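> Would you mind keeping the following structure in view while I ask a few things?
The values are calculated or read from the model by the stated rules, or taken from the named source; none is laboratory data. Predicted, not measured: the structure shown is a model, and the values here were computed from it. Neighbour counts are summed over all protein chains in view; Cβ atoms, including those assigned to glycine, are modelled from backbone coordinates with ideal geometry.
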């Protein structure tokens, strides 16, 4: 059975997070003397540390409660924080299926977490036969999956993902950076069924906001609470929060742009297939081929 408190590093469980008087204030107006801010300027006040307005809008779009959302300085920050919460440096391990997104490896090395690598099968699918015995390794605390996968572009088979979620007692991180281009729905609605599931998404790809560096984690509230506990106090600037919130009101434009990108990807696939020197164009569920 999944036990969150047992999985979290003991020093993180005992950690007293950074707090300020602003954390105890629920309003938006007032005279604030606690942070010694400059009274002049457009961006003179510290940003909302919990991105309340932006989370509220994202919760509507993603159909999840705000308390199940964490926003990071890109998904890369979320990956790093998850490793800090669950993996003891020099002792614990994480598993990836290669080829995949390179930041899992970089963040693991930064946190001194041994990384286990298992190559994907032909068609870039999970090698379950060899993966399942690894799940009983007591030092293995985290699995990273990317679906649609980067760089292969394909969705991982849902049955394989479910098998890992059902058998693994650690954290399964499912990176859905390209989910908005996928024909299948997100796994974000399955966090109640799988309490060890953390779904990563981003505003960098389909929303076209890569310059704002806003990534998100969707998980059960207990995991989100630990992410909020260890994050830097003000990890997303006021300007980035405001710009993202304005962009998220333009859902019709978002859908139109995703449709155009998908059409252009299909045109690229056809053009590549027509070239004599191209041996194979793999099917892609992302925005690239």
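> If you scan segment 256-289, which residues turn out to be under 16 Å from residue 154 (Cβ atoms) and part of a loop (DSSP other than H, G, I, E, B)?
Selection gives 280, 281, 282, 283, 284, 285, 286, 287, 288, 289.
> Give 221, 210 a once-over and let me know the one that is surrounded by fewer than 20 Cβ atoms within 10 Å (Cβ to Cβ), within 30 Å of residue 254 (Cα to Cα) and in contact (Cβ under 8 Å) with a residue 24 or more places away in the chain.
When all the criteria are applied, what remains is 221.
> Within segment 119-141, track down each residue that is within 29 Å of residue 11 (Cα to Cα), part of a loop (DSSP other than H, G, I, E, B) and touching a strand residue (DSSP E or B) at 6+ places or on another chain (Cβ under 8 Å).
Of everything in segment 119-141, those that are within 29 Å of residue 11 (Cα to Cα), part of a loop (DSSP other than H, G, I, E, B) and touching a strand residue (DSSP E or B) at 6+ places or on another chain (Cβ under 8 Å) turn out to be 137, 139.
> Of all residues in segment 1-36 being modelled with pLDDT of 90 or more and more than 24 Å from the chain's Cα centre (by Cα), which is surrounded by the most Cβ atoms within 10 Å (Cβ to Cβ)?
Applying the filter and picking the extreme gives 14.
> Here is a further query. Given the condition part of a helix (DSSP H, G or I), in contact with a strand residue (DSSP E or B) (Cβ under 7 Å, 6 or more places away or on another chain) and either modelled with pLDDT of 95 or more or crowded, with 18+ Cβ neighbours inside 10 Å (or both), answer yes or no: does some residue in segment 142-152 qualify?
No, there is no match, as no residue in segment 142-152 is part of a helix (DSSP H, G or I), in contact with a strand residue (DSSP E or B) (Cβ under 7 Å, 6 or more places away or on another chain) and either modelled with pLDDT of 95 or more or crowded, with 18+ Cβ neighbours inside 10 Å (or both).
> Tell me, yes or no, whether segment 259-280 has at least one residue that is touching a helix residue (DSSP H, G or I) at 6+ places or on another chain (Cβ under 9 Å), surrounded by 12 or more Cβ atoms within 10 Å (Cβ to Cβ) and within 28 Å of residue 66 (Cα to Cα).
Within segment 259-280, none of the residues are touching a helix residue (DSSP H, G or I) at 6+ places or on another chain (Cβ under 9 Å), surrounded by 12 or more Cβ atoms within 10 Å (Cβ to Cβ) and within 28 Å of residue 66 (Cα to Cα).
> What residue, among those in segment 166-179 that are crowded, with 20+ Cβ neighbours inside 10 Å and not in a strand (DSSP E or B), is farthest from the chain's Cα centre (by Cα)?
If we take residues in segment 166-179 being crowded, with 20+ Cβ neighbours inside 10 Å and not in a strand (DSSP E or B), then 168 is farthest from the chain's Cα centre (by Cα).
> Please go through segment 226-246 and pick out each residue that is part of a helix (DSSP H, G or I) and either out of contact with any helix residue (DSSP H, G or I) (no Cβ under 8 Å at 6 or more places or on another chain) or farther than 14 Å from residue 55 by Cα (or both).
Within segment 226-246, 226, 227, 228, 229, 230, 238, 239, 242, 246 meet the criteria.
> Still on this structure, I have one more. With the requirement that a residue be on the phi < 0 side of the Ramachandran plot and surrounded by fewer than 16 Cβ atoms within 10 Å (Cβ to Cβ), what does segment 90-113 give you?
Scanning segment 90-113 gives 91, 98, 99, 102, 106, 109, 110.
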